[in-house]
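As structure tokens, the structure follows; a few thoughts come after it.
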Amino acid sequence: MKLKITLVLLVAFVFSASAQFNPEAPWMESLNIKSKASNTPLKFQEIIDAFDTYWESRDPNVKGSGYKPFKRWENYWQYFVKPDGTLPTTKELYNRGLALENYKNANQNQLVDDSNWVPIGPFSHTPTGSWSPGQGRVNVVVKDPVNPNTYYAGAPAGGFWKSTDAGTSWLTTTDNLEQIGVSGIAVTGSTIYIATGDDDGGDTRSIGVMKSVDGGLTFLPTGLNPNNFPNIDSMNDIYINPNNTDMLWVATNKGILKTIDAGLSWNVATGTNGLNVRDIKIKPNDPSVIYAVSSNRFYKSTNSGDTFNILMSGLPSGGVSRYVLDVTPANPNVVYLLSATNASSFGAIYKSSNSGNTFSTVADEANNGDIFQSTQSWYDLAFAVSDTNENQVFVGVLNIWRGTIGASPNSSNFTQINNWSSPNGAAYTLSLIHISEPTR
């Protein structure tokens, strides 16, 4: 009995502790500056106090304001604060997870699970009125490059999932990893890489890139793990070079990391060290060119991700709190950026037709309206360009908008194609849209 109780406590701690809240949230700016200047971790109560101060003059009842995601985070993680007032570090969590695994292996003959948990539902729901049902967030969906009926999905606090029947049913194999958040997936043959953690809300902290060589049945750590890179708390997009499957890139809160030996060793790309990289994309048909964005800068590499340079021609010098980007095989030279303002509302859409060397503004709020309908873009912001039409884009924050892009903002137009509060609609989505264009 004692062994069973100890195991339960270890599981609760390892799978529950989390990173600080999203550092891009507007109330986190002054705290991050203070933490960086003093080289000390933030305390849980400092984050709470900053949040409370921010909301003193704002209405938390506005849909898409960003109030609820934080309160969920606060309510859960208050029970895991350390005696010094901080949250556990990535390395602490990772090594506790490894200790748990060793403990289970050493005592497996004495550990008996007689909890007999069984699901009792609800297994389906029938929405009524304007009620908006939601089963939880999904951060990434990837279609298998060979089998069109196989899909992979990553939940920021719910693990890696696989479907082999075009999405009718799903299975997960990651419940026993040191943590089960997934924000990026890359696939080549039976080899699958997952970028772990929650890059938007901090619901789970990254334990690096994990690798499976059996189609996702089992996962093992790569060289990108908290013992080798203890300062990496989050990561998102991960890509495999289609011409060299031993080469991969992953975007993290401490830069873009690259491997040339299938994950055994990793190096930070020159020009991105310490940079919170929010999004990366590979130029279609040319993996020597990689694009990346931080919160307010655009970067480009022309040497397969060894070095990155800032390119800002046609982009604003300030007033941007977040960028996301996308490319399209319809025109490999096209790059789009979608921006949020410092108030986390819709800023503009910028288009480049020369591989990111120069940009022009093709949409903005003054000419095209508020297609965000929200000030929560620091938390959820999705953007995609059609694979077959370089001038068709999709934007999602609260609802999804389809845009037809012209040469200037007054020649572009947008149409709302769903409503978050109409769950019976054919195009219904939850009002927290996180998924951008999946890996092509």
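Return the residues of segment 178-230 that are in contact (Cβ under 8 Å) with a residue 40 or more places away in the chain, open to solvent by 20 Å² or more (accessible area, probe 1.4 Å) and among the hydroxyl-bearing types (Ser, Thr, Tyr); say none if nothing qualifies.
188, 191, 218
Inside segment 77-118, can you point out the residues that are modelled with pLDDT of 80 or more, part of a loop (DSSP other than H, G, I, E, B), of a type outside the set (D, E, K, R) and more than 18 Å from residue 157 (Cα to Cα)?
81, 83, 85, 86, 107, 115, 116, 117, 118 - these are the residues of segment 77-118 that are modelled with pLDDT of 80 or more, part of a loop (DSSP other than H, G, I, E, B), of a type outside the set (D, E, K, R) and more than 18 Å from residue 157 (Cα to Cα).
Does residue 279 count as closer than 16 Å to residue 238 by Cα, among the charged types (D, E, K, R) and open to solvent by less than 20 Å² (accessible area, probe 1.4 Å)?
So residue 279 passes the test.
Looking only at segment 284-312, which residues are within 21 Å of the chain's Cα centre (by Cα), open to solvent by 30 Å² or more (accessible area, probe 1.4 Å) and either at pLDDT 95 or above or among the small types (Gly, Ala, Ser) (or both)?
Matches in segment 284-312: 297 only.
So how many residues does segment 35-88 have that are without any contact (Cβ under 8 Å) to a residue 12 or more places away in the chain, of a type in the set (D, E, K, R) and more than 18 Å from residue 378 (Cβ to Cβ)?
4
Identify all residues within segment 313-352 that are farther than 23 Å from residue 247 by Cα, surrounded by 15 or more Cβ atoms within 10 Å (Cβ to Cβ) and among the polar types (S, T, N, Q); write none if there are none.
Passing the criteria: 321, 339, 341, 344, 345, 352.
Out of the residues in segment 353-382 that are touching a Gly at 6+ places or on another chain (Cβ under 9 Å) and charged (D, E, K, R), which is most open to solvent (accessible area, probe 1.4 Å)?
Among those residues, the one meeting the criterion is 365.
Among the residues of segment 256-266, is there at least one that is within 30 Å of residue 47 (Cα to Cα) and crowded, with 24+ Cβ neighbours inside 10 Å?
Yes: one or more hits.
Looking at (1) open to solvent by less than 50 Å² (accessible area, probe 1.4 Å); (2) farther than 20 Å from residue 293 by Cα; (3) within 21 Å of the chain's Cα centre (by Cα), which is the only condition residue 175 fails?
Unmet for residue 175, out of (1) open to solvent by less than 50 Å² (accessible area, probe 1.4 Å); (2) farther than 20 Å from residue 293 by Cα; (3) within 21 Å of the chain's Cα centre (by Cα): (1).
Filter segment 152-171 down to the residues that are modelled with pLDDT of 95 or more and among the hydroxyl-bearing types (Ser, Thr, Tyr), then identify the one that is surrounded by the most Cβ atoms within 10 Å (Cβ to Cβ).
Only one residue tops the list, namely 152.
Determine whether residue 384 is within 19 Å of the chain's Cα centre (by Cα) and either free of Cβ contacts under 8 Å to residues at least 60 places away in the same chain or part of a strand (DSSP E or B) (or both).
Criteria met by residue 384.
The values are calculated or read from the model by the stated rules, or taken from the named source; none is laboratory data. In this text, all values refer to a predicted model and were calculated from it rather than measured experimentally. All Cβ positions, even for glycine, are placed from backbone atoms using ideal geometry, and neighbour counts span all protein chains on display. Ligands, DNA and RNA are stripped out before the accessible areas are found, and what is left, the full protein with its side chains, is counted by its heavy atoms. Shrake-Rupley method; radii C 1.70, N 1.55, O 1.52, S 1.80 Å.
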